[in-house]
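First the structure, in the form of structure tokens, and then the observations on it.
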Protein chains: 2
Amino acid sequence: MDTNLRFRSAAEDDTGLILRFIKALAEFEHLSDKVSADEALLREWLFDKKIAEVIFAVADGKEVGFALFFHSFSTFLGKAGIYLEDLYVIPEFRGLGYGKALMKKLARIAAERGCGRFEWQCLDWNRAGIDFYLSLGAEPLTDWTLYRVSGKSLLDLAYEDT
Amino acid sequence: MDTNLRFRSAAEDDTGLILRFIKALAEFEHLSDKVSADEALLREWLFDKKIAEVIFAVADGKEVGFALFFHSFSTFLGKAGIYLEDLYVIPEFRGLGYGKALMKKLARIAAERGCGRFEWQCLDWNRAGIDFYLSLGAEPLTDWTLYRVSGKSLLDLAYEDT
């Protein structure tokens, strides 16, 4: 592990870099066509409305990866959790422990804030990601499936007399 | 649908009722042993720290169900979503449309707040739940799995030199 590694919270000036990292992760996931985020939206929701937080891993002054997360809530535990939406390390800096360092940093944030859980989702074909997460002690919740309404389905559910 | 149905946001005084609904849902899910929430924790995280919101469905003056939700964030959309953690209707009021009314209410909240998604998880054995969600236009995200660290695993990841 690079001893020059540090973490810093993103500020509004970082919006362009955050968007580049989001797009790079989407490309890795073969989901680039799903990205409609732009800098104005990220600025509004991350820095005005503060819906999520971003931490960069910085090695020798360069941002080599990031984690974007927000607070979830567990009714079973009666407390908040940390939900990791995006974790990304740029390709030429992979295999050096930065991803793990970011995960450990988020776990510390969760513990310090009194959160009971730290969760995220992984694509089922991403074997390297799954092995990495298992190596960190994570448990897959294989008996739950995520359901989603968005776009027209969301508006129909909201406003149509279905 | 009961024309006397209305919705109201929970206040701190409702903490006892929220806990009863959480426990009743956990019992339905055969997961009662996972519930460590108590009124003090719910008060702290829901009403002091405001990590999540609760809406009751009220029919003829009686709370017949509730939804507990919080804001998620989608990096692909660049905006918040609504994440539904708990949806519950008390047994003697099921089949009357209250669950659907709560889902439609949440979809309207999502749309009004400019959120791009409305999401939740369902247990894979809960066929009635799955059919209900599909009938609302929801899409199952079958290629993602949730991973979690909590309890000792969370503290180990946070503080152990792994």
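Brief remarks on what is shown
- Residues within segment A:30-40 that are more than 9 Å from chain B (Cβ to nearest Cβ) and under 17 Å from the mean Cα position of the chain (by Cα), tallied: 2
- Taken residue by residue, segment B:131-144 has at least one member that is closer than 24 Å to A:Ile109 by Cβ and free of Cβ contacts under 8 Å to residues at least 12 places away in the same chain.
- Screening B:Phe7 with (1) in a strand (DSSP E or B); (2) surrounded by fewer than 18 Cβ atoms within 10 Å (Cβ to Cβ); (3) without any contact (Cβ under 8 Å) to a residue 12 or more places away in the chain gives one miss only, at (3).
- Scanning segment A:64-78 for residues being within 7 Å of chain B (Cβ to nearest Cβ) and either part of a helix (DSSP H, G or I) or within 12 Å of the chain's Cα centre (by Cα) (or both) gives a total of 3.
- B:Gly81 vs. criteria under 14 Å from the mean Cα position of the chain (by Cα) and free of Cβ contacts under 8 Å to residues at least 40 places away in the same chain: yes
- Enumerated strands (runs of 3 or more DSSP E) restricted to segment A:79-162, each holding at least 2 residues that are more than 7 Å from chain B (Cβ to nearest Cβ) and either crowded, with 21+ Cβ neighbours inside 10 Å or touching a helix residue (DSSP H, G or I) at 6+ places or on another chain (Cβ under 9 Å) (or both): A:79-89
- Subset of segment B:38-60 (residues that are surrounded by fewer than 22 Cβ atoms within 10 Å (Cβ to Cβ) and free of Cβ contacts under 8 Å to residues at least 24 places away in the same chain): B:Asp38, B:Ala40, B:Leu41, B:Glu44, B:Asp48, B:Lys49, B:Lys50, B:Ile51
- Residues of segment A:41-63 that are more than 15 Å from the chain's Cα centre (by Cα), more than 10 Å from chain B (Cβ to nearest Cβ) and not basic (Lys, Arg): A:Phe47, A:Asp48, A:Val58, A:Ala59, A:Asp60, A:Gly61, A:Glu63.
Rule-based calculations on the coordinates, nothing more; no lab input. Small disclaimer: the values here were computed from a predicted structure and weren't measured. Please note: Cβ atoms are built from the backbone with ideal geometry, for glycine as well, and neighbour counts cover all protein chains shown.
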